[in-house]
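Scroll down for the structure; my scribbles are underneath it.
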Amino acid sequence: MLHSFFMLLTFMLLYFGMLGVPDLSAEESVVVYSGRAERLIKPVLDHFQQTTGTTVQLLTAGSTELVNRLRAEGAQSPADVFITNEAGALEMARHLHLLQPITLPTVATTIPTQFRAPDNSWIGLSGRIWIVVYNTNMVDPSTIHSLLDLATPPWKGKLAIPNASSEYLQAGASMVLAAKGEKTADAFLQGIRDNAGNEVYAKNRQIVDAVAKGKVAVGLVNHYYIFRHLGTDPQAPIAPLITDQDNDGIGAIMNVAGIGLTAHAKHMSAANELITFLMSSAGQEMFASINKEYPVNPSIQADPVLPPSSSFRASTIPLTRLAELREPIIQTIERLGLR
Amino acid sequence: MALGTAAMLTFPLLYVTYSALTGDLSLIPRLWATRLPELLTNTISLALGVSLTTLTLGVSTAWVMTRYQFWGRAFWDWGFVLPLAIPSFVLAYIYSYLLDTAGPVEQAWQWLTHSDDRIPSPYSFMGALVVMTLNTFPYVYLLARAAFQNFNLSFEEAAQATGATRRETFFRVSLPLIRPALVASMFLVILYVVSDFGAVSLLRFQTFTYAIYQQITGRFDYQSASLLSLLLVAFALIFLFAERWFRTQSRFYQTSGRVRTATPKPCSWMKAIGINLTFLFIFSAAFGLPVLLLIQWTFAAWTSGEMESSLGRYIWNSLFLSAIAATAALALGTPLAYLASRIPTRFHLACLQGAYIGYVLPGPVAALALLMVFTNTLPFLYGTVLVLILAYLVHYLPAGLQAMESAMQEVNPNLEEAARNLGAKGIRTFMQITFPLVRKGFSAAWLLMFLLCMKELPATLLLRPIGFDTLAVRIWLEASEELYQLAAPPALLIVLLTIPAVFLLSKKNWQAGEGSVQ
């Protein structure tokens, strides 16, 4: 009995071991590591799979988590492309030599330079701004000119912020650091830490929710979460506020979700095919409609409910600085004890 | 083979120690100045808090169940083990919904009291305490129930004959007498709380395991993660040794001669109603309400057509992964348990003890250690489920090993010797004599490991092959986006699929010291 038991075990292990190995030999497949919520990226990938017949194998996890995974896997990595929700992780991957330049000629003609890596090893696909969401019953928007205002004492107990491991918080604080220097960045982080107190959230959606319910008066979020909330509950007393538009201001903090070609990609043509699709008007329009993001391809219009991208001034600090400022900003965040 | 298994299980810890101590050591004072005080306070207070509340809840329910005969008793007898089928992160996501600002509980409270009172936020110590208590009290209940069932009534009678009140008898005689069970269950709960990852991260309560996971996912800081893990391991080892020590001390309590155990006495109908209402409240909080919510959300997802189309594949992945891991653990654990109990040389005992170490290493850290090792040495195996199975083995074999070890100890070696004297060879003796005798204990070990693997999260998140999601992973991905309705169907499935295992496990007469469960 024991013998047959062990035979069965061995057999099952072998059989199952094979099952787990993705069929990477097939030429018409592309392995995607994605740090974006599946809900936002899967419809686009599904559409690509249907129209081209190329199989997409998707692994969803956190952006930084995937950078770590790529790094640990090294040359053994099965990933062909790496999709993230912000440029910092992509730039970090590039610095760690985990990416290689995309050689498609359309990159230069479609994607504005500030939205891609200097060597084109990653490109932005859709943009979002990190802005203020405020409760219209509780706040007079003319009292807020800058994100830095939210770090001042009048906002104590009225502010909701993302938690310390949020890539958006890190990117936003990095931009403040790049534009205004260390002292201001420190004061900003300290201020929002004290003002937020316990109102620290893991998800943007929860921050918008807290503002809509009046639990706090203002919050810091990516713009599309506000419009998504308004989409399901048009009566919600919330509104977006784009700050830092004065001449000496930082400008609206813009970040992109993007895609990078991994250094050890094994399905080059399929990967390039996917990247081409995502840059094309079909792909760009899907980003704009599914997630109310700003398409990076300037020829594609953003969703009409959004403030048009011409109506505000975005920060001119290159996104590539996000990666080099990342470690200092994380250390600052840790030193100041943000949660 | 024993050495190989032990080496495999201790290896991740060695790797973690290596990477913690070979890096920049100035990190230690920095961690001490920033994160450590908060993490230590949080982890210790949560562990102590949960062990106190679970002891109160578990012991009182077990006491009532063993001492009173009342209508409904048969139902509660298995009703109280059902919460074990709910993974901690599922309970956490349900309670974060229930107790959230303007959530159902707050609205109900405001309606009842006609006030604008706010209830305490679930994203706090209290939230974590409630969820972890509801999730772990069945362990205490099972152990305390077994202790009360084997309890010698003469002691209580002697106390009462010499004039002690019933209250005094309970606190000064009955409770001290089941101390081994209490100590064992307290350690169990503390280990569970200290190593839990899913619940605390959904409730954003900063404990060691959560901080470790953040270190290796929010940024690439494997050294900090390793250092924190080493601290956690040191903690857990102290607990493990203390538990072993208490277990040897507990022999003192064994009585010889005739043991008269308590039989449940009938109680008045008023009392029966009171008991049933209280039990209903506990049961609803820990199992009834969460499952009803899951059913409602699943139904909503079903009718709105948002149901995942590939649920069938996730079920298959979860079931087979857990079944294979549990089976492999049994196969690997058998020689360890056998050699340690039959030929207890120092070497064999050391192998056994070594195997327990994987138990206390946080899941995410062990998983990352395995990932690094496999990509560097056996790249062709990386990205297969084998690595994942190995991670499960490292983490959960110890839990099963405890059950296997005690099953093995209950077999009288004379039987095996007789077989050998009659000419049977080693393997044949094991298969024809030992194995049939330990079958029950071994099946309990298998069920336990199966159950734990079904609910495993951090290692699966880090090591799953591409396109290979389990039910637990799906729940996690949806729940961390707060998509309650989408997370509900896989959560409900995990509960339904693990209920049979939980039920079978509860049939086993749990003794103090057996079946440490994480």
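The values are calculated or read from the model by the stated rules, or taken from the named source; none is laboratory data. Computed from a prediction, not measured in an experiment: that's the story for all the values here. Here Cβ is always computed from backbone atoms with ideal geometry, including for glycine, and neighbour counts include all displayed protein chains.
Being surrounded by 16 or more Cβ atoms within 10 Å (Cβ to Cβ), aliphatic (A, V, I, L, M) and in a helix (DSSP H, G or I) is the filter here; which residues of the stretch B:143-174 pass it?
Once the filter is applied, which keeps residues that are surrounded by 16 or more Cβ atoms within 10 Å (Cβ to Cβ), aliphatic (A, V, I, L, M) and in a helix (DSSP H, G or I), the stretch B:143-174 yields B:Leu143, B:Ala144, B:Ala146, B:Ala147, B:Ala159, B:Val173.
Which is within 14 Å of another protein chain (Cβ to nearest Cβ) and either more than 27 Å from B:Gln409 (Cβ to Cβ) or in contact with an Asp or Glu (Cβ under 9 Å, 6 or more places away or on another chain) (or both), of B:Pro290, B:Pro364?
Testing whether each residue is within 14 Å of another protein chain (Cβ to nearest Cβ) and either more than 27 Å from B:Gln409 (Cβ to Cβ) or in contact with an Asp or Glu (Cβ under 9 Å, 6 or more places away or on another chain) (or both) leaves just B:Pro364.
Is it the case that the stretch A:174-186 has a residue that's among the β-branched types (Val, Ile, Thr), in a strand (DSSP E or B) and crowded, with 21+ Cβ neighbours inside 10 Å?
no
Residue-by-condition table, conditions (1) at pLDDT 80 or above; (2) surrounded by fewer than 24 Cβ atoms within 10 Å (Cβ to Cβ):
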{"residue": "B:Gly363", "(1), (2)": "no, no"}
{"residue": "B:Leu378", "(1), (2)": "no, yes"}
{"residue": "B:Leu381", "(1), (2)": "no, yes"}
{"residue": "B:Ala391", "(1), (2)": "yes, no"}
{"residue": "B:Val394", "(1), (2)": "yes, no"}
{"residue": "B:Gln402", "(1), (2)": "no, yes"}
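Could you please find all residues in the stretch A:314-335 being surrounded by fewer than 16 Cβ atoms within 10 Å (Cβ to Cβ) and within 24 Å of A:His145 (Cβ to Cβ)?
If the condition is that a residue be surrounded by fewer than 16 Cβ atoms within 10 Å (Cβ to Cβ) and within 24 Å of A:His145 (Cβ to Cβ), then A:Thr316 is the only one that fits.
In the stretch B:412-428, is there at least one residue being surrounded by 24 or more Cβ atoms within 10 Å (Cβ to Cβ) and either away from every other protein chain (no Cβ under 14 Å) or at positive phi (or both)?
no
Is it the case that B:Ala181 is assigned to a helix (DSSP H, G or I), buried (at least 23 other Cβ atoms within 10 Å of the Cβ) and not acidic (Asp, Glu)?
Judged against the criteria, B:Ala181 is a match.
Which one of these does A:Asp303 not meet: (1) free of Cβ contacts under 8 Å to residues at least 60 places away in the same chain; (2) charged (D, E, K, R); (3) more than 14 Å from chain B (Cβ to nearest Cβ)?
Evaluating A:Asp303 over (1) free of Cβ contacts under 8 Å to residues at least 60 places away in the same chain; (2) charged (D, E, K, R); (3) more than 14 Å from chain B (Cβ to nearest Cβ) leaves (1) as the failure.
Output the residues belonging to the stretch B:280-305 that are more than 18 Å from B:Gly127 (Cα to Cα) and in contact with a Ser or Thr (Cβ under 9 Å, 6 or more places away or on another chain).
Listed by number, the list holds a single entry, B:Leu292.
Would you tally the residues in the stretch A:94-129 being in a helix (DSSP H, G or I) and not aromatic (Phe, Trp, Tyr)?
The qualifying residues number 9.
Could you pull out the residue among B:Leu437, B:Leu483, B:Leu462 that is surrounded by fewer than 21 Cβ atoms within 10 Å (Cβ to Cβ) and either under 15 Å from B:Ser88 (Cα atoms) or facing chain A (nearest Cβ under 10 Å) (or both)?
Criteria check complete, one pass: B:Leu483.
What are the residue pairs meeting all of these: first residue in the stretch A:193-218, first residue in the same structural domain as A:Thr143 (by TED's automatic domain parsing) and closer than 21 Å to B:Tyr210 by Cβ, second residue outside any loop (DSSP other than H, G, I, E, B) and hydroxyl-bearing (Ser, Thr, Tyr), Cβ atoms under 8 Å, and 6 or more apart or on different chains?
That search, which allows pairs on different chains as well, returns A:Asn204/A:Tyr168; A:Asn204/A:Tyr225; A:Arg205/A:Tyr225; A:Ile207/A:Tyr201; A:Ile207/A:Tyr225.
What is the residue count in the stretch A:47-68 for residues that are more than 11 Å from chain B (Cβ to nearest Cβ), in contact with a strand residue (DSSP E or B) (Cβ under 8 Å, 6 or more places away or on another chain) and assigned to a helix (DSSP H, G or I)?
So the answer is 2.
Run B:Val131 past the list (1) free of Cβ contacts under 8 Å to residues at least 60 places away in the same chain; (2) under 29 Å from the mean Cα position of the chain (by Cα); (3) part of a helix (DSSP H, G or I) and report the number of the one that doesn't hold.
(1)
Going by what's in this entry, would B:Pro37 be described as loosely packed, with under 13 Cβ neighbours inside 10 Å, at pLDDT 80 or above and on the phi < 0 side of the Ramachandran plot?
It is true that B:Pro37 is loosely packed, with under 13 Cβ neighbours inside 10 Å, at pLDDT 80 or above and on the phi < 0 side of the Ramachandran plot.
Within the set of pairs 6+ apart or on separate chains, which have a first residue in the stretch B:309-326 that is more than 13 Å from chain A (Cβ to nearest Cβ), a second that is among the polar types (S, T, N, Q) and surrounded by 22 or more Cβ atoms within 10 Å (Cβ to Cβ), and C-beta atoms under 8 Å apart?
Short answer, once both residue conditions are applied: B:Tyr314/B:Thr470.
Which of the residues spanning the stretch B:311-355 are within 22 Å of the chain's Cα centre (by Cα) and either basic (Lys, Arg) or surrounded by fewer than 23 Cβ atoms within 10 Å (Cβ to Cβ) (or both)?
Scanning the stretch B:311-355 gives B:Ile315, B:Leu319, B:Phe320, B:Ala323, B:Thr327, B:Ala328, B:Leu330, B:Ala331, B:Leu332, B:Leu352, B:Gln353, B:Gly354.
Of (1) surrounded by fewer than 15 Cβ atoms within 10 Å (Cβ to Cβ); (2) among the aromatic types (Phe, Trp, Tyr); (3) in contact with a Gly (Cβ under 6 Å, 6 or more places away or on another chain), B:Phe283 satisfies all except one. Which?
That leaves (1) as the condition not met.
Which one is nearest to A:Asn85 (Cα to Cα) among residues in the stretch A:109-163 that are within 14 Å of another protein chain (Cβ to nearest Cβ) and buried (at least 21 other Cβ atoms within 10 Å of the Cβ)?
Result: A:Pro162.
Considering only the stretch B:403-518, give the helices (runs of 4 or more DSSP H) lying wholly within it that have at least 1 residues that are in contact with a strand residue (DSSP E or B) (Cβ under 9 Å, 6 or more places away or on another chain) and without any contact (Cβ under 8 Å) to a residue 60 or more places away in the chain.
B:471-479
Table: residues versus (1) more than 23 Å from B:Ala242 (Cβ to Cβ); (2) β-branched (Val, Ile, Thr).
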| position | (1), (2) |
| --- | --- |
| B:Val105 | yes, yes |
| B:Ser121 | yes, no |
| B:Val130 | yes, yes |
| B:Leu143 | no, no |
| B:Glu156 | yes, no |
| B:Thr169 | yes, yes |
| B:Leu175 | no, no |
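For the stretch A:256-266, does any single residue satisfy the condition of being more than 14 Å from chain B (Cβ to nearest Cβ) and surrounded by fewer than 17 Cβ atoms within 10 Å (Cβ to Cβ)?
The answer is no, given that none of the residues of the stretch A:256-266 is more than 14 Å from chain B (Cβ to nearest Cβ) and surrounded by fewer than 17 Cβ atoms within 10 Å (Cβ to Cβ).
Which of the residues that make up the stretch B:76-112 are within 23 Å of B:Lys455 (Cα to Cα) and of a type in the set (A, V, I, L, M)?
Answer for the stretch B:76-112, where residues must be within 23 Å of B:Lys455 (Cα to Cα) and of a type in the set (A, V, I, L, M): B:Val81, B:Leu82, B:Leu84, B:Ala85, B:Ile86, B:Val90, B:Leu91, B:Ala92, B:Ile94, B:Leu98.
For B:Tyr359, indicate whether it is part of a helix (DSSP H, G or I), touching a Pro at 6+ places or on another chain (Cβ under 8 Å), crowded, with 19+ Cβ neighbours inside 10 Å and more than 14 Å from every other protein chain (Cβ to nearest Cβ).
yes
Would you call A:Gln76 touching a helix residue (DSSP H, G or I) at 6+ places or on another chain (Cβ under 8 Å), within 8 Å of chain B (Cβ to nearest Cβ) and not acidic (Asp, Glu)?
yes
Of (1) away from every other protein chain (no Cβ under 14 Å); (2) in a helix (DSSP H, G or I); (3) surrounded by 20 or more Cβ atoms within 10 Å (Cβ to Cβ); (4) not charged (D, E, K, R), A:Leu230 satisfies all except one. Which?
Unmet condition: (3).
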